[in-house]
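First the structure, in the form of structure tokens, and then the observations on it.
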Amino acid sequence: MSSEEIENRFVHAGWHLDGGFAGYLVIGYDQDGISILARQEAWRADEEDPVFELIDHESDLAYGVWEIPTPEEARELLREHGRSSEEGD
């Protein structure tokens, strides 16, 4: 999956794009402090199932997913399954 395809899918799911890290990350965000990240590894040609990281910046929660959720779905996933950075992996 290319970075352009990931960007298109983020926008289609309702995310705003932050192009400040082009070449390293694809970042989608909403107005409520929720982000979705696709690291460079996610858009390698051999990656069929990239992992996206959901982040709630206010609550310091993160959660990895294999499909791109809407911001509302991401918020719910983070509420149910998110782990703080202090908890580690």
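No value in this document is a laboratory result; all are computed from the given coordinates. None of the values given here were measured: they were computed from a predicted structure.
Some notes on this structure:
- 0 to 90° range, to nearest 10: angle between helix 3-12 axis and the chain longest Cα axis: 50 degrees
- For the chain, the spread of Cα positions along the three principal axes, ordered from largest to smallest, is 31, 27, 21 Å.
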